[in-house]
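Written below as structure tokens is the structure these notes are about.
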Amino acid sequence: MDLVWTVISVTLPVFLVAGAGFAWARAGLDYRVEFVTRLSMTLSLPCLIFAALMQTEVDPGDLAAVSLAALAAHGGLAVTMGLLVAVAGLDRRTYLAPLIFGNTGNLGLPMALFAFGAAGLGFAVAIFAVSIVLSFTLGLWLVAGGGGPGRWSASRWSGPRSPARCSCGEAGRRPSR
């Protein structure tokens, strides 16, 4: 019975949110994707990461080691997939970012909680944090066609259309003085 309750507690929120979305669409109500995206990226995700890392009882050194391993894994994936995309003649802007950055949030976090408990969730959130930071910096840069690594410069990363500003919803805005 304990296993059944665990499965229900992990999967029920997913089905409730999906059901609410289905009912919303069937009712023909307006759904502002920009607002929901901004809300989830600027409020929900940081709160999830903060709360999960504050509540975890995993050793901070272990979390740091897992974070470095996730960074190394993303680096290895970037090199491997970059070569694969080049050899296959695929468009880098279209294919490279989705091949490097997986769905570690929506899918990975509940699965880690279910499979490994609270400690597994702590590790999964550390991996997710690395993935999301890379996705909203390097990933946006790749999708925007940012050029090769030789063209990286401080001005490219700090201008009004930089990936860091895009990830915060600030692209194109002038800095306030």
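The values are calculated or read from the model by the stated rules, or taken from the named source; none is laboratory data. Treat the numbers as computed from the prediction; the structure is a model and nothing was measured. A quick note on method: Cβ atoms are made from the backbone with ideal geometry, for glycine too, and the neighbour counts reach across all protein chains shown.
Testing A20 on (1) touching a helix residue (DSSP H, G or I) at 6+ places or on another chain (Cβ under 8 Å); (2) modelled with pLDDT of 85 or more, one condition comes back false. Which one is that?
So the condition that A20 fails would be (1).
Tell me yes or no: at least one residue of the range 28-44 is surrounded by 10 or more Cβ atoms within 10 Å (Cβ to Cβ) and under 21 Å from M111 (Cβ atoms).
yes
List pairs: first in the range 81-101 and of a type in the set (F, W, Y), second assigned to a helix (DSSP H, G or I), Cβ under 7 Å, 6+ apart or cross-chain?
As it stands, the answer is Y95/V85; F101/S131; F101/L134; F101/S135; F101/G139, since those pairs meet every condition given.
May I ask you to list pairs of residues, at least six apart or on different chains, whose Cβ atoms are under 7 Å apart, with the first in the range 54-71 being at pLDDT 95 or above and the second being among the hydroxyl-bearing types (S, T, Y)?
A70/S131
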